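Accompanying notes for the structure given below.
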Amino acid sequence: MKLLEDRILSDGEVIGGKILKVSNFLNHQIDVAFLDQLAQEWKNRFSGSKITKVLTIESSGIAIGASLARALEVPLVFAKKHQSSNVNEEVYSSKIYSFTHDQYYNVVVSKKYILPGDKILLADDFLANGNALKGLIEICKGAGAEVVGAACAIEKGFQNGGDQLRKAGIKVESLAIIEKMDSNGIEFRK
Ligand code: 5GP
């Protein structure tokens, strides 16, 4: 989506070749009207999917998820990060490796908010190795809910998570896919 690619080129900052900082519209200051435009694009791409809920992870997925849920007129559920692996029976849980923080964390979702038969659209700000989305998929499986697809704003194609998920049959719709980035610039997948 050209709108997002242009915004990344004007406002994004590449840190050390692997991390893209987009703090002035997505990850710290949030351009809500801009996210609403992204949400309309996903609404078109997933039209006819009969989505019942959007599922993301706190905290950076929540803004994207909220715009998307508003556009689709469904609730947003976010998985909560949980310190201990000792989680109770009232929640679905999954262990996720974060490469940005180089550590594992547990995420939990109350069994009240993901139900068997739900048609779930996953959402996140970034897709890199795909661990966050795989964790959410595990939670949906545990709940007996169907994963309709994944809506990601920025995919770092060189980290392969998106292509692995597509090969596994998940409809992944990323609005900007970065093929290459370094201090000289950013190249998008055509
Ligand atoms: P994955 O689980 O796909 O490896 O990484 C996705 C998660 O890591 C996202 O939820 C996002 O918060 C974080 N992340 C991955 N890469 C980047 C990046 O380049 N910039 C920022 N700001 N977050 C990232």
#### Entry: Helix 2-11 vs. the chain, principal-axis angle (Cα, 0 to 90°, nearest 10)
70
### Query
Which FRET efficiency value, to the nearest 0.05, do you get for LYS80 and LYS190 by plugging their Cβ-Cβ distance into 1/(1 + (r/R0)^6) with R0 = 30 Å?
0.20
## Note on the structure
Residue span ARG166 to GLU58: 0.36 nm per residue of separation minus Cα-Cα distance leaves a gain in nm of 36.5 nm
### Cα-based radius of gyration of the chain once divided by 2.2 N^0.38 Å, which approximates compact folds
0.98
### Query
Taking other Cβ within 10 Å of each residue's Cβ, how do ASP118, ASP124, ASP6 sort, fewest first?
ASP6, ASP118, ASP124
### Message
With 10 angstrom as the radius, rank SER49, SER23 by how many other C-beta atoms surround their C-beta, starting from the fewest.
### Response
SER23, SER49
### Query
Against the longest alpha carbon principal axis of the chain, how many degrees, from 0 to 90 and to the nearest 10, is the axis of helix 62-72 turned?
80
### Task
Give the order of ILE139, ILE170 when sorted by the count of other beta carbons within 10 angstrom, beginning with the fewest.
ILE170, ILE139
### Message
Quick check: the angle from helix 131-143's long axis to the longest principal axis of the chain, C-alpha only, nearest 10 degrees?
### Response
20
#### Entry: Projected label distance in nm at ASP6 and GLU73, using a 7 Å step from Cα toward the beta-carbon
3.0
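Every number here is computed from the coordinates shown, using simple stated rules; none is lab data. Worth saying up front: this structure is predicted, and the values here are computed from it rather than measured. Heads up, the Cβs are rebuilt from the backbone with ideal geometry, glycines too, and the neighbour counts pull from every protein chain shown.
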